[in-house]
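Novice: Handing you this structure, nothing more for now.
FYI, it's all coordinate maths here, none of it is from the lab. Keep in mind that what you see is a predicted model, and the values were worked out from it rather than measured. Cβ coordinates were reconstructed from backbone atoms using ideal geometry, including for glycine residues, and neighbour counts include every protein chain displayed.
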Amino acid sequence: MSSQPESAAAVSAAVEARSALRLTRSISVTWWYVSSSVVFFELAIVVFAVATVVEAGFGGAVIALVCVSALLWWLATLLPLLEYRRRTADAPLVIWRHHLVPFLTAAVFGLVAGLVTGQWVAGVLPLIQALILLNWPPGVRLRMVLAATALLVALAVIDFRLLPGESNSASGLQLVVFAILLPAVTVSSLWWWDVLVALDRARASEAKLAATQERLRLATDVHDLQGHHLQVIALQLELAERLMPRDPDAGMEQLRAARASVDDARQGTRDLATRFRSVPLSDELANAVDLLRAAGTKVEAAVAPDASLAPASALGPVIRETTTNVLRHGGGKWARLSLTRIDGSWRYEISNDVAINPPENADGAGLDGIARRAAEADGNLEVHREDRTFTVVVTVPDEAPTEALADAPAQDIAERKVAG
C-alpha cells in the first residue's frame with residue numbers, strides 16, 4: 001500500500017525536474033558559463049597540486065598517483081554540478097546516485113594529496129567541495145561556505161607553521177590561495193544561477209498570467225455579448241409565440257426582429273474574434289519585411305513611431321495582401337514599405353519593381369479586395385505604374401477614440417507576448 005504514494009511522489013518529482021530543466025533551457029548559455037567557472041577553478045587546483053608534488057621532488061609513481069586521483073576528483077564533481085541544473089525546491093539534501101562517487105573520489109584524492117604534500121588544506125579541500133555541492137538550502141549553504149573558508153584559513157596557518165619550507169613554494173602558495181577561494185567561488189556561481197532561474201520562472205509565470213487574464217477578458221466579453229443577445233432573442237420569440245394566435249402580423253414582426261437580433265449577435269461575435277486575432281501593425285510590417293527578405297528581395301521600411309494606434313483591423317489584411325502580391329507578381333529585386341500619419345489619416349504605401357514578363361492576370365482579385373477593405377474603413381486605394389515601378393497606396397482615417405481605447409489593452413498584451 002505504501003508503494004503507491006511513493007511511486008506517485010517519484011513521478012511528481014520527475015515531472016517537476018523535467019519542468020525545471022525546460023525552464024532553464026532558455027538560459028542554458030549562462031548555465032555553461034556558471035558551471036565552467038567552477039570547473040576551471042577546480043582544474044587550477046588540480047594543476048597546482050600536481051605542480052607542488054613535482055617541485056617537492058617526488059618520484060614518477062607518486063606524481064602519477066596524485067595526478068590520477070586529482071583528475072578523477074575533478075571529473076567526479078561534474079555529476080553534482082549537472083544535477084544542480086535540474087534541482088527543484090524540494091530536492092533532498094543528498095542524492096546518492098549523484099553524490100556517492102564524488103564523495104569517494106574526494107576522500108581518495110584528499111587522502112593521497114594530504115599524505116604526499118603534508119598539507120591539511122590539500123587533504124580537507126576535496127571533502128569540503130563535495131559537501132558544498134550538496135543540495136543545501138540557500139541560507140544553510142551560505143553558513144556552510146563561511147565555516148568552510150574559516151576552516152581552510154586556519155588549516156593554511158597550521159600548514160605554514162608546521163611546514164614552512166615546503167609550503168612556501170610558488171605552487172604551494174597558489175594551491176592554498178585557490179583552495180581558500182574555491183568554496184566562495186562555487187557558492188557565488190551557484191547563487192547567481194539560482195537568481196537567473198528565479199527570474200526566468202518569474203518571466204514564464206508572468207507570461208502565463210497575462211494569457212490567463214486575456215482568456216478571462218475574452219470569456220467576459222463573450223458572456224456579456226451572447227448573454228445580452230440571447231436574452232433579447234428569447235423575449236422576442238416568447239412574445240411572437242403569444243401574438244401568433246391573436247395577431248399573426250405582429251407575431252411575424254417579432255420573428256423578424258428575433259432574426260435581426262441573431263444577425264447582430266453573429267456580427268458581434270465576428271467583430272470580437274477579429275479584435276482578438278488582430279496583430280499590431282508594427283508586427284505585421286516586420287513580418288512582411290522578413291517574408292520579402294527571405295524571398296531574396298531587398299526591402300526598406302519606414303514605420304511611424306505611433307504605428308500601434310493605426311486601425312489594425314483595416315490595414316492588417318491590406319499589408320498581408322500587398323505582400324503576397326509583391327511575391328507573386330513583383331520583380332523580386334527591391335521593395336519599399338511605409339506607414340505614416342498625415343492630416344488625421346494613415347497612409348500605407350508599398351512600392352516594388354515590376355516583373356519583366358508579368359502574367360496577364362497580374363492584378364488578379366487582390367487589388368479589388370484591397371479596394372473593398374479600404375472602402376469599408378472609409379478610406380481609398382491608389383495604384384500607380386511608372387516605368388518599372390508599381391505602387392499601391394491605401395489611406396484610411398483614424399479610428400474613433402472609443403474604438404482605439406477598446407483595442408488598446410489587446411494590443412498591449414499582444415506586444416508583451418511578442419517581446420517575451
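Novice: Near the amide H of ALA355, under 5 Å away, which other amide H atoms are found, from residues 5 or more places off or on another chain, if H is placed in the peptide plane?
Specialist: GLY331
Novice: If packing is taken as the average count of other Cβ atoms within 10 Å, what order do 325-334, 31-40 fall into, highest mean first?
Specialist: 325-334, 31-40
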